[in-house]
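Structure, as structure tokens:
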Amino acid sequence: MTTVAVVGAGPGLGAATARRFAVEGFEVALVSRSRERVDALAAELARDGVRARGYVADVRDAAALSSALGAAAEAQGVVEVLQYSPLPHREFLKPLAETSRADLVAAYEFAVLGPLAAVGAVLPGMRSLRRGTIVFVNGGSAVRPSSRVAGTSIAFAGEAALAQLLHDDLAADGIHVGQLIVPGSIVAGHPRKDPVVLAQRVWEMHTDRAGFRHFAEEFDA
């Protein structure tokens, strides 16, 4: 039995991804900053027959994030699929003129050091399986920077570069790395940006293993 780990799990895309992969027989590890919220989500999914457990970690705390993913692998099975999709903090979405050095440091920890810690935690298991998938989910500012959202524009560009490098370097190990760009917001009921639709895209990225960057909808990058 292997596990899909969702970092930044919530009731939208995180829950939808959990349900989509559970149908295929995966265990589900949910990682969130809030014990109360992640336990509630795990309980909700369990009522639907999803084998899910919650783990607590702030993605800006590399040691806690690595520990959470390690605990998930030990309790539920090797992490075969990692989805890194935490929602950006409000301070990352401020205009450039209002963005401080501290804001950018926090955004870098969130978008670059967090993914690096998460990948480092799951990579040994994926290599032991000789397969795996890592999906980074980002908003449009990762590929089209905007001075209206300086933090994500700067830090998510770094995350995109990291993801591209991992895509190139890990292919020889049978590990596929991809990026899913969701311009704007995830919107329930939207034909391309509804959480269930996006979860299906993540599943297809795992199974098709084609290309690096995918867009939820047409986007002039």
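Miscellaneous remarks
- Computed over every Cα-Cα pair of region 81-140 and binned at 10 Å starting from 0, the pair-distance distribution P(r) comes out as 20, 42, 24, 12, 2 percent.
- Note on region 3-215: Cα Rg divided by 2.2 N^0.38 Å, N the number of residues, gives 0.95.
- Comparing 200, 83, 179 in a Gaussian network model of the chain (Cα springs below 10 Å), the most mobile by mean-square fluctuation is 200.
- Counted charge near residue 89, where neighbours are those whose Cβ lies closer than 13 Å (Asp, Glu -1; Lys, Arg +1): 0
- Over the chain: helical MRE at 222 nm, DSSP H runs n ≥ 4 each giving -39500 (n - 2.57), nearest 500: -14500 deg cm²/dmol
- In this structure the amide hydrogen of residue 215, modeled in the peptide plane, comes within under 5 Å of the amide hydrogens of 181, none closer than 5 places in sequence on its chain.
- Separation of alpha-carbon centers, region 68-82 and region 119-161, rounded to whole Å: 19 Å
- Packing-based ranking of 122-133, 2-13, 65-76 yields 2-13, 65-76, 122-133, ordered from highest to lowest mean Cβ neighbour count within 10 Å.
- Phi angles of region 88-98 translate, via the Karplus equation with coefficients 6.51, -1.76, 1.60 and θ = phi - 60°, into HN-Hα couplings of x, 6, 4, 5, 7, 10, 8, x, 4, 5, 9 Hz per residue; Gly and Pro are given as x.
- Rounded to the nearest Hz, the phi-derived 3J(HN,Hα) couplings of region 65-82 under the Karplus curve 6.51 cos²θ - 1.76 cosθ + 1.60 (θ = phi - 60°) are 5, 4, 5, 4, 5, x, 5, 5, 5, 5, 7, 10, x, 3, 6, 8, 10, 10, where x marks glycine and proline.
- Shown here: region 140-208, whose C-alpha atoms stretch 38, 29, 12 Å along the first, second and third principal axes, sorted largest to smallest.
- Taking only alpha carbon atoms, region 112-167 gives an Rg to Rh ratio of 1.07, where Rh is the Kirkwood radius.
- Bins of 10 Å from zero: percent of alpha-carbon pairs in region 22-146: 12, 39, 32, 14, 2
- The fewest-to-most ranking of 94, 193 by surrounding Cβ atoms within 10 Å reads 94, 193.
Throughout, read-outs are computed from the coordinates displayed, never taken from laboratory work. None of the values given here were measured: they were computed from a predicted structure. Quick reminder, even Gly has a Cβ in these numbers, built from the backbone with ideal geometry, and neighbours come from all protein chains shown.
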